[in-house]
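**Q** After the structure tokens below, expect a handful of questions from me.
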Amino acid sequence: MSYSQEVLADLKARYPYQPEFLQAVEEVLNTLQPLFEKDGKYQQNRILERITEPDRSFAFRVEWIDDQGKVQVNRAFRFQFNDAIGPYKGGLRLHPSVNPSILKFLGFEQIFKNSLCGLPIGGAKGGSDFDPKGKSDAEIMRFCQAFMTQLYRYIGATVDVPAGDIGVGGREIGYLYGAYKRLTTKYEGVLTGKGLTWGGSLARTEATGYGVVYFADEMLKARGKSLKGLRCAVSGAGNVAIYCCEKLQQYGAKPVTVSDSRGSILDENGINVEVLKQVKEVERASLTRYKELVPSAKYVPVSEYPQGQHFVWTVPVDAAFPCATQNEVSAADAETLVKNGCFCVSEGANMPSEIAAINTFLKAGIAYGPAKAANAGGVATSQLEMEQNAGMTAWTFEEVDAKLHNIMINIHRNAAETAKEFGCEGNLVLGANIAGFRKVADAMIAQGVI
Ligand code: NDP
Ligand code: 2IT
């Protein structure tokens with residue numbers, strides 16, 4: 001058995017109840033063996049056994065009082081996965097599905113994503129099974145404050161810098177930051193995604209979605225193609241999906257779908273981004289509201305999706321942008337996309353494609369941008385926010401956006417060149433995994449067994 005397969009088998013035996021974590025590890029380990037065959041030092045130093053265990057993790061109870069005066073209890077976690085190349089960095093997710101398996105998969109992915117950015121940031125992830133849906137602003141605030149009364153001990157501007165993820169946007173970061181400041185009396189860049197008048201960076205809100213499109217543009221350019229005129233399917237309707245649609249339109253492409261947890265929109269005229277922002281950022285409503293505002297659009301509730309498939313992937317398109325959540329592209333979805341002529345997939349969400357779906361894309365030879373490369377623009381711009389905070393300065397939108405664009409170009413080049421180095425030209429999964437892993441592993445070796 002190869003080194004990778006040995007470690008994977010061991011993890012499967014140890015964590016049989018953490019399927020998402022095992023899936024993320026399997027996806028990475030499946031591609032690293034060529035590196036281990038080239039250089040024995042990774043196995044000698046038992047890097048895989050070390051990198052698949054978080055440096056440390058915290059679990060805590062969050063208790064808060066709802067608007068009816070009832071005591072509520074949630075479970076919360078922070079996994080500080082790896083700080084070989086910089087302070088821990090990664091988002092916080094608030095969603096009822098949150099558990100250690102999901103946060104470990106996200107934290108593990110974050111190590112390699114952050115490394116690929118070419119910036120000095122380590123990997124972490126945290127969150128809680130708190131469900132923000134239907135909560136008042138006051139309830140969100142009380143939850144965030146209670147959450148921070150525990151979390152503040154473990155974070156800091158040069159220690160661990162959390163940010164947004166599913167269910168955590170500008171509003172939540174504001175309440176979390178206020179609570180941190182009150183508890184510590186420190187005004188420091190401890191969270192990213194902050195408001196623009198109190199340490200936030202221009203273009204951070206747009207960064208992940210824009211980056212996903214910049215990455216797609218690079219993949220297509222490498223194949224002598226462009227985004228112009230392409231018909232696109234986007235899933236999700238949150239932060240990443242909205243700004244992915246916006247940038248696609250700026251490139252002359254046409255996103256025709258978006259989705260949320262209850263249903264999907266098909267808008268043949270192209271998604272109306274202003275309406276989408278009104279519905280999701282202002283009203284925090286369901287996509288049925290988009291249908292009310294744009295009656296010519298089609299709304300398909302989840303109950304009417306074809307068996308085992310997500311509606312948006314059944315729509316014939318040239319390019320697909322999964323921007324909602326993990327495992328939202330099944331093997332059947334991937335086959336439908338490819339059969340319908342889709343030749344580009346750029347992942348905004350983390351681990352949106354099942355392993356069988358990834359294999360379908362690779363086998364079909366389409367341009368496939370794996371999440372840890374394609375959606376790295378968000379965390380990269382978070383690091384730019386940290387850089388501005390450290391220098392007590394603020395850059396213009398154009399400056400930040402230009403840096404983001406450059407970072408995405410470099411990630412693509414790095415992944416593509418690494419794939420070529422290992423004889424797998426065009427396989428950005430292998431290229432991104434090896435490039436991201438190698439830098440962190442080499443830093444771990446240099447820093448010794450600690
Ligand atoms: P948001 O909370 O802003 O939006 C999430 C969107 O996905 C919503 O439309 C939500 O629908 C939908 N969604 C979430 N969970 C599910 C589910 N289980 N089933 C169906 N739909 C679901 O989050 P973001 O846009 O920030 O994040 C989207 C993805 O992008 C995540 O995978 C995240 O990890 C990843 N990502 C985010 C980055 C960022 O900077 N924000 C950076 C890199 C990756 P509903 O509103 O109905 O819940
Ligand atoms: O998955 C991710 O990269 C994020 N949610 C963003 C993390 C960050 O620190 O900006």
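**Q** When DSSP assigns beta bridges and you keep just the ones with both residues in the chain, what percent turn out antiparallel, to the nearest 5?
**A** 55 percent
**Q** Please compare each pair in 339/363; 12/104; 125/186 to a cut-off of 18 Å on the Cα-Cα distance and tell me which ones are over it.
**A** Among 339/363; 12/104; 125/186, the Cα-Cα distance tops 18 Å for 125/186.
**Q** With springs only between Cα atoms under 10 Å apart, run a GNM on the chain and tell me which of 337, 35, 191 wobbles the most.
**A** 35
**Q** Still on this model: Residue 17 to residue 71: extension gain in nm, 0.36 nm per residue of separation minus the Cα-Cα distance?
**A** 16.5 nm
**Q** Which of 208, 336, 393 moves the most in a Gaussian network model of the chain with Cα springs under 10 Å?
**A** 393
**Q** Sticking with this one: Over the chain, what is the mean sequence separation of C-alpha contacts under 8 Å (at least six apart), divided by residue count, expressed as relative contact order in percent?
**A** 15 percent
**Q** Check the straight Cα-Cα distances from residue 41 and name the lysines below 19 Å, setting aside those fewer than 8 residues away within the same chain.
**A** Partners within reach: 439.
**Q** So, counting K/R as plus one and D/E as minus one, what does the shell of residues with Cβ under 11 Å around residue 196 add up to?
**A** Charge balance in the 11 Å sphere: +1.
**Q** If each of residue 309 and residue 409 carries a label point 7 Å out from its Cα toward its Cβ, how far apart are those two points in nm?
**A** 3.9 nm
**Q** Same structure, new question: Would you look at the GNM of the chain, springs on alpha carbons closer than 10 Å, and say which of 25, 73, 213 moves the most?
**A** Looking only at 25, 73, 213, the largest GNM fluctuation is found for 73.
**Q** Keeping every protein chain present and rolling a 1.4 Å probe, give me the accessible area per residue for the stretch 52-196 in Å².
**A** Here the per-residue accessible area is 36 Å².
**Q** Under the classification rounded if a/c is under 1.5, otherwise prolate if a/b is larger than b/c and oblate if not, where does the chain fall, given a ≥ b ≥ c as square roots of the Cα gyration tensor eigenvalues?
**A** Rounded, because the longest to shortest axis ratio a/c is under 1.5.
**Q** Order these peptides, 398-410, 372-384, 311-323, by their mean beta-carbon neighbour count within 10 angstrom, highest first.
**A** Result, highest mean Cβ count within 10 Å first: 372-384, 311-323, 398-410.
**Q** Let me ask something else about it. Please compute the per residue accessible area over the stretch 235-297 with all protein chains in place, 1.4 Å probe, rounded to a whole number of Å².
**A** Heavy-atom accessible area per residue stands at 39 Å².
**Q** Using a Förster radius of 41 Å, what is the FRET efficiency between residue 399 and residue 183 based on their Cβ-Cβ separation? Nearest 0.05, please.
**A** Computed FRET efficiency for residue 399 and residue 183: 0.80.
**Q** Within the chain, what whole-number % of the accessible surface is contributed by carbon and sulfur, with the 1.4 Å probe and all protein chains included in the calculation?
**A** 51 percent
**Q** Over the stretch 320-450, what is the relative contact order in whole percent, taking alpha-carbon pairs under 8 Å and six or more residues apart?
**A** 19 percent
**Q** Given labels modelled 7 Å from the Cα in the Cβ direction, how far is it in nm from residue 331 to residue 45?
**A** Reported label-point gap for residue 331 and residue 45 is 3.7 nm.
The values are calculated or read from the model by the stated rules, or taken from the named source; none is laboratory data. Note that the structure is a prediction, hence the values are computed from the model and not measured. Note that we place each Cβ from the backbone using ideal geometry, even for glycine, and neighbour counts take in every protein chain shown. With ligands, DNA and RNA removed, areas are computed over all heavy atoms of the protein, side chains included. Shrake-Rupley method; radii C 1.70, N 1.55, O 1.52, S 1.80 Å.
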